[in-house]
């Protein structure tokens, strides 16, 4: 079998991506009869970006420090509601001088804000991981390790990758293998001996086999793919998802397009549902075009006895850029919380309209999937 990552670039440069109009399958909510004490949950967030206006807003000219904690104030309860929280860090922590697009580097305080908000695992296989070359990749890993967080996707060398990948999450007797890969690195060569996991079907087969050999009960693929700003997954994404399911993957979580894409349910050989969320959109960024000004957080419930994915739900999160509580910053606002109490957030008409557009468009795109309920 030829490696699909070779085909990916062939289709992209010569024919473009073919859109798929297949209808979504109805998800079956299997967790209604499982008591809460017999399950635990994961939560996944989308792309954590680091555009220049973001670190400028986080800067305190008096203390000459950066602080991102306020960004996550309104989503912290959702993160805390899960046992394990995971997000894609789509920016190197390469040190100063800090910069935004196209070659990112954000202050270490961005990771501190993520940790303080409750994130446990950072995904690093994305198209910006080597924006600042070898120093950026290696320093990012060091800062993640210094904060005692776990990560998957990029490595100092093959020896390190072999020793810690797939990332194994062992929780309440359930072993979860977390995989992470990307379509590419913006044409920048990964400096040797560093490694960034790419979409290589032969390597992914080996990684899944290794996950099974490590007695994993659940295998999750987190992947950077698709076309930016397109709200529907393309044929390559759909074909890869089916490949993952054939190999034994139990859940697929995607990112990169900077918009929330559609989702579907596939079924493995045992007729067990495999949720596929093609893109969670932006967790936080400076992008303001329609559909880019937000993302979703996906909550995944895991059965302790069955050792299976019981069900998923999602919450749309709007990125508000402005003043709340006398602080100008990027504030992540769960749209369902805004609907319950809009007065609490005091958005102006323009922001309120944008939030409502994002909420309704996201619900329509994920109409077969369950909205998160606290």
Subtract the Cα-Cα distance of residue 209 and residue 135 from 0.36 nm times their separation in residues, and report this length gain in nm to one decimal.
23.5 nm
Ranked from highest to lowest mean number of other Cβ atoms within 10 Å per residue, what is the order of the peptides 216-222, 292-298?
292-298, 216-222
Using 0.36 nm per residue of separation minus the Cα-Cα distance, give me the extension gain between residue 164 and residue 267 in nm, one decimal.
34.2 nm
GNM on the chain, C-alpha springs below 10 Å: top fluctuator among 78, 151, 101?
101
Provide the gained length on full extension for the span residue 308 to residue 192, in nm with one decimal, where the gain is 0.36 nm per separating residue minus the Cα-Cα distance.
37.9 nm
Estimated 222 nm signal from helices in the chain, with DSSP H stretches of n ≥ 4 weighted -39500 (n - 2.57), rounded to 500:
-8000 deg cm²/dmol
With just the Cα atoms defining each centre, how far is region 201-248 from region 105-131? Give it in Å.
22
I want to check the label-to-label distance for residue 63 and residue 348. Put each point 7 Å from Cα in the C-beta direction and report it in nm to one decimal.
2.8
Please arrange 62, 274 by how many other C-beta atoms lie within 10 Å of their C-beta, fewest to most.
62, 274
For a label point 7 angstrom out from the Cα of residue 356 toward its Cβ, which stretches of region 297-336 have the backbone nitrogen within less than 15 Å?
335-336
For q = 0.09, 0.12, 0.13, 0.14 Å⁻¹, Debye-computed log10 I/I(0) when each Cα of the chain counts as one equal scatterer:
-0.47, -0.87, -1.04, -1.23
Highest-first arrangement of 208-214, 260-266, 37-43, 281-287, where packing means the average Cβ count within 10 Å:
281-287, 260-266, 37-43, 208-214
When 176, 253 are ordered from fewest to most other Cβ atoms inside 10 Å of their Cβ, what list results?
176, 253
Once both label points are put 7 Å beyond Cα along the C-beta direction, the residue 36-residue 148 separation in nm becomes 2.7
If we sort 228-239, 333-344 on the protection proxy, mean other Cβ atoms within 10 Å, highest first, what's the order?
228-239, 333-344
How high is the FRET efficiency between residue 368 and residue 339 when r is their beta carbon distance and R₀ equals 22 Å, given to the nearest 0.05?
0.60
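Laboratory data are not the source of any read-out in this text; all were calculated from the coordinates shown. Fair warning: this is a prediction, and the values are worked out from it, not measured in the lab. Cβ coordinates were reconstructed from backbone atoms using ideal geometry, including for glycine residues, and neighbour counts include every protein chain displayed.
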